[in-house]
Amino acid sequence: MRLKGKTAFITGGNSGIGFATAKLFVAEGARVVITGRDQTRLDAAVKELGPNGLGVKTDATEVAQLENAVAQAEKKFGKIDILFANAGIAGNTPVGGTTLAAFESVVKTNLTGVFFTVQAAVPHMNDNGSIILNGSVISVLGNPGYSAYAATKAGVRAMARVMVSELSPRGIRVNVVAPGGTRTPIWGPGIATPEAEKVLETRISRSTPLERMGEVDHIAKTVLFLASDDAAHVQGQEIFVDGGSTAAPAGAPIYR
């Protein structure tokens, strides 16, 4: 097992990519602490994780709650070896149609919250640990309506590189996983019905060289690699898990 004896902390771990990663980590021998804002979903997730799982209700934008969650993680399972700062929200922020509150909400969760997640966790981490931040293809694709989201994910990339400089003396690795269009609850109304989900899947598939939508396990397995000793010399990297949509967009079916 690749994570035997390790303790992992995952924000937004009660659904989507975070939960898929938590389940994979447990299967690989880790003790996993997950956070989320919905106590009911958090309880259900922890029940599925079993005795090596712990859930702490936490708003990733609240520093005191983050500090409390990592303290509880250490008290329950010992110092943290792996941090996956996964919590994030979507948000449509088109030029000419966005309020200050809407823009700042995305930034507060996806950028400020990520920084303070790391800051809260680092004092509770073992040396030679691994930090993975959740980025996005949106940081480079220029999708209309996503200024705030794109800016936060580009900020995550830049922030990771600074953290590499600061944390390398402790042997702590900091990397970014950047998902493409992946089947998760973040799409909201876009997957509210089977018909809507089919439309979304078709659109993403036609713009992806591998001609399919990503699944949460695709991302989780990449996070596992970055968390494990298999990535012992991988530092400051951003891995796009997007079926080729950023590397070779002209290879997508829509251009064939």
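All of the numbers you see were taken from the coordinates with simple rules; none came from a lab. Remember, it's a predicted structure, so these values are computed and weren't measured experimentally. Every residue, glycine as well, gets a Cβ built from its backbone with ideal geometry; the counts of neighbours run over all protein chains shown.
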P(r) for segment 106-196: what percent of alpha-carbon pairs falls in each 10 Å bin, starting at zero? 15, 42, 27, 12, 3, 0
Using each residue's phi in segment 148-153, evaluate 6.51 cos²θ - 1.76 cosθ + 1.60 at θ = phi - 60° and report the 3J(HN,Hα) Karplus result to the nearest Hz, with x for Gly and Pro. 5, 4, 4, 4, 5, 6
Taking placed amide H atoms and a strict 5 Å upper bound, the residues 5 or more places from VAL32 or on another chain that come that close are ALA8, GLY53, LEU54
Scan around TYR146 for amide H atoms under 5 Å from its own, H built in the peptide plane at 1.01 Å from N, and keep only partners 5 or more places away or cross-chain. THR93
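Taking 10 °C and 1.306 mPa s as the conditions, I'd like the Stokes-Einstein D for the chain in µm²/s, using the Kirkwood hydrodynamic radius from alpha carbon pairs. Could the numbers behind the result be given before it?
Values: Rh = 18.4 Å.
Translational diffusion coefficient: 86 µm²/s.
Compute the relative contact order of segment 5-102 as a whole-number percentage, counting only Cα pairs closer than 8 Å that sit 6 or more residues apart in sequence.
On the way: 158 pairs, mean separation 31.7, N = 98.
Contact order relative to length: 32 percent.
Based on alpha-carbon atoms only, what is the radius of gyration of segment 22-158 relative to the globular estimate 2.2 N^0.38 Å?
Details: Rg = 16.0 Å, N = 137, 2.2 N^0.38 = 14.3 Å.
So the Cα radius of gyration is 1.12 times the expected 2.2 N^0.38 Å.
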In nm², what is the average projected area of the convex hull enclosing the Cα atoms of segment 163-233? 6.3 nm²
Of the candidates VAL140, VAL106, VAL114, which one comes out as most mobile in a Gaussian network treatment of the chain with C-alpha springs shorter than 10 Å? VAL140
Tilt of helix 16-27 relative to the longest C-alpha principal axis of the chain, in degrees (0 to 90, nearest 10)? 40 degrees
Read phi for every residue in segment 41-56 and hand back ³J(HN,Hα) as whole Hz from Karplus 6.51 cos²θ - 1.76 cosθ + 1.60, θ = phi - 60°, with x for Gly and Pro. 5, 5, 4, 5, 5, 5, 4, 6, 5, x, x, 8, x, 9, x, 10
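Can you check what the net charge comes to around ARG173, using other residues whose Cβ is under 14 Å from the Cβ of ARG173 (Lys, Arg +1; Asp, Glu -1)?
Values: positive: LYS6, ARG161, ARG170; negative: ASP81, ASP127, GLU166, ASP229, ASP230, GLU238.
With Lys, Arg at +1 and Asp, Glu at -1, the neighbours total -3.
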Once you've got the GNM for the chain with C-alpha springs shorter than 10 Å, pick whichever of VAL234, VAL32, VAL107 has the biggest mean-square fluctuation. VAL234
Give me a comma-separated list of calculated 3J(HN,Hα) values for segment 103-115, in order, Karplus coefficients 6.51, -1.76, 1.60 applied at θ = phi - 60°, integers in Hz, x for any Gly or Pro. 5, 5, 5, 5, 5, 4, 7, 7, 10, 4, x, 5, 4
Based solely on its DSSP helices, what 222 nm [θ] is calculated for the chain when runs of n ≥ 4 H residues each add -39,500 (n - 2.57) and the sum is averaged over all residues, nearest 500 deg cm²/dmol? -12500 deg cm²/dmol
Interatomic Cα distance distribution for segment 53-106, bins of 5 angstrom, percent: 4, 15, 21, 19, 12, 10, 9, 6, 3, 1
Just need the Rg to Rh number for segment 4-74, please, alpha carbons only, Kirkwood Rh. 0.94
What residues qualify as long-range amide H neighbours of ILE172, i.e. H under 5 Å apart, gap of 5 or more or another chain, H built at 1.01 Å from N? ASN128, GLY129
With a ≥ b ≥ c from the Cα gyration tensor eigenvalues, square-rooted, and the rule rounded for a/c under 1.5, otherwise prolate when a/b > b/c and oblate otherwise, segment 93-245 is oblate
Can you give the alpha-carbon Rg of segment 200-256 over 2.2 N^0.38 Å, where N counts its residues? 1.33
